[in-house]
Each structure stands twice: as C-alpha cells, then as structure tokens.
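Before any comments, here is the structure.
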Amino acid sequence: MSITSCKQETQELSRIEGKQIAITDSLIGNPEIENFIAPFREHVNKDLDSVISYAPNTYTKSDGELNTALGNLMADLVHEQANPIFKSRSGHDIDLVLLNHGGIRSIISKGNITKRTAYELMPFENSLVVVQLKGKNILEAVNYLARAKRAHPISKLEITLDADYSLKNATVNGIAIDTAKTYYIATNDYLYNGGDHMEFFKPNDTVYVLNYKVRNAIMDYFVKTDTIKPVADNRFIKL
C-alpha cells in the first residue's frame with residue numbers, strides 16, 4: 001500500500017496591467033440604455049430647472065476682500081434656516097455662523113434662481129452641525145479669520161482689523177466676546193472635522209448634528225424668498 005500526497009502550490013500575483021480608456025465623443029452610446037434612462041433624466045432636469053427665486057444682480061464669492069454679498073447670504077441663510085431646528089432641540093439659539101470661502105462653488109447669476117442653482121453652489125453632501133464652544137475658542141476662530149485675510153462667510157460675528165491686518169475688535173451680536181461664556185456656533189461637518197485647518201472646533205463641549213444638509217438649507221431659503229437681496233456690509237472690515 002502506498003500513500004501519496006499533493007503539495008499545494010502557492011499562488012502569487014506577479015504583475016498588474018491597466019489601460020486608460022478616455023471618455024470622448026467617439027464612444028458610441030447604447031440606445032437601449034439611453035431609452036431606459038431618458039424619462040428619469042427628463043424628470044430630474046425638469047425638477048432642477050424649476051424656478052424658486054430671483055436674483056436682481058449677479059453675485060460671486062470674489063466681489064469683496066473680507067466679506068462678500070454671496071458669502072454673507074450663505075452664512076445668514078444658514079442661521080435663519082438652522083436656528084429654529086437647533087432651538088427646538090436644545091432650547092438655545094445659534095450665536096454665530098462660520099462657513100468657508102472655498103465651499104462656495106459657483107456664482108448666482110442675475111435672473112431666475114432654480115433648484116439647480118443650489119446644487120451648483122453646494123455640490124457636496126456637507127451637513128450642518130452646531131458646536132458648543134467657550135469664548136476663548138471663539139477668539140481662536142477670530143484670530144484664524146484675521147490671519148486668513150479671506151472672505152470666509154460669517155453671520156452674527158463682527159470683526160474689525162487695523163491697517164496692518166491686526167485684530168482691533170471682535171463682537172458676537174454686537175457684544176464683546178467673553179472668554180468664559182459658552183457660545184453655539186453653526187458650521188458644516190467638514191470644517192468641524194478640521195477642514196481648512198479650522199482646528200479651533202476641537203476640543204469642544206458638545207456638538208449637535210442637525211441632519212440638515214447645507215444644500216437643503218440653501219434650497220429651502222430660496223423657496224421661501226421671492227427675491228434675494230444680499231449685500232456686502234461691515235461684518236468683517238479693515239480700517
């Protein structure tokens with residue numbers, strides 16, 4: 001009687017090959033697929049192109065040095081839309097709003113505003129959060145903005161720099177920032193997690209997740225506002 005055994009061979013990957021396939025007009029579409037998705041595409045485009053508001057002028061995020069009409073609109077509408085939600089859950093009001101300049105991805109053109117406008121302004125899935133911070137962390141945020149010298153959208157926060165861009169004054173709702181006081185600042189989850197090096201959000205006392213996308217806040221504001229009227233103002237200026 002003899003016993004034989006099979007030795008299992010080890011399989012190893014020796015090479016990976018890839019090929020780039022460019023997406024160009026030369027690619028031929030599949031008529032069956034096109035016919036299948038056509039009704040859905042038509043429905044989506046019809047919904048996105050529905051008019052929900054009106055812009056009397058064209059607004060861009062580059063029409064000012066430290067604050068812009070478009071940036072102010074973004075921050076103000078976040079406060080207006082998010083504050084009732086936050087107050088109903090916490091019993092507190094949102095004290096201030098801070099977003100990021102780079103998060104505004106489009107302009108608002110003069111004329112009709114559609115749902116597509118909201119998607120162009122905010123194509124990301126960022127959601128709103130409210131962070132509970134001490135005043136000392138709010139001052140860190142103010143110093144960050146002073147150093148950045150950029151029109152990051154803010155609401156309910158007023159900052160004045162001197163001619164050398166040094167911080168001269170900062171208030172929340174017209175009142176000097178109290179380093180020991182607790183403030184509630186609305187932002188998006190990207191910034192809360194340290195995006196754009198906004199590390200002053202951590203450590204914090206508490207974070208409230210509103211389950212409300214920034215884009216939805218924009219859209220909801222447009223729906224209820226017949227004509228938008230954003231302006232650049234004195235909320236963030238240099239003397």
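Laboratory data are not the source of any read-out in this text; all were calculated from the coordinates shown. On a predicted model such as this, the values are computed, not experimentally measured, just so you know. We place every Cβ from the backbone using ideal geometry, glycine too, and count neighbours over all the protein chains shown.
Of the trypsin sites (Lys or Arg not before Pro) found in the stretch 6-60, the ones in coil according to DSSP and having at most 14 other Cβ atoms within 10 Å of their Cβ are 7, 15, 19.
Volume of the convex hull of the chain (Cα atoms only), normalised per residue: 303 Å³.
Using a simple spin-label model with pseudo-atoms 7 Å out from Cα toward Cβ, residue 110 and residue 50 lie 2.8 nm apart.
Here each label is just a point 7 Å from Cα along the line to Cβ, and for residue 90 and residue 209 those points are 1.5 nm apart. Note on the stretch 56-97: semi-axes of the ellipsoid equivalent to its C-alpha gyration tensor, largest first and rounded to whole Å, are 27, 11, 5.
In sequence order, the stretch 96-103 has phi-based couplings of 7, 10, 9, 10, 10, 4, x, x Hz under the Karplus curve 6.51 cos²θ - 1.76 cosθ + 1.60, θ = phi - 60°, and Gly or Pro positions carry x. When Rg and Dmax are taken over the Cα atoms of the stretch 113-185, they come to 15.2, 44 Å.
Label positions at residue 144 and residue 182, each projected 7 Å from the Cα along the C-beta direction, are separated by 2.1 nm. Each of 62, 231, 142 was placed along the dipole of the chain (beta-carbon charges, centred on the mean Cα), and the one lying farthest toward the positive end is 142.
Which of the residue pairs 156/238; 136/181; 115/213; 61/134; 110/149; 202/238 have a Cα-Cα distance greater than 20 Å in the structure shown? Over 20 Å Cα-Cα: 61/134; 110/149; 202/238. Mean residue ellipticity at 222 nm, helices only, the chain: -10000 deg cm²/dmol; runs of at least 4 DSSP H residues each add -39,500 (n - 2.57), and the sum is divided by the number of residues.
Within the chain, the longest run free of exposed loop sites, counting GluC sites (Glu not before Pro) that sit outside DSSP helix and strand states (H, G, I, E, B) and have at most 14 other Cβ atoms within 10 Å, spans 126-239. Here the 3J(HN,Hα) profile of the stretch 34-51, calculated from phi with Karplus coefficients 6.51, -1.76 and 1.60 at θ = phi - 60°, is 4, 5, 5, 8, 4, x, 5, 4, 5, 5, 5, 5, 5, 5, 5, 8, 6, 7 Hz, Gly and Pro shown as x. Fewest neighbouring Cβ atoms within 10 Å first, the residues 152, 79, 92 line up as 92, 79, 152.
Starting from the Cα of residue 57, step 7 Å toward the Cβ, then list every residue of the stretch 200-230 with an amide N under 12 Å from that point. Within reach of a label on residue 57, which here means backbone N under 12 Å from a point 7 Å along Cα→Cβ, the stretch 200-230 contributes 229-230.
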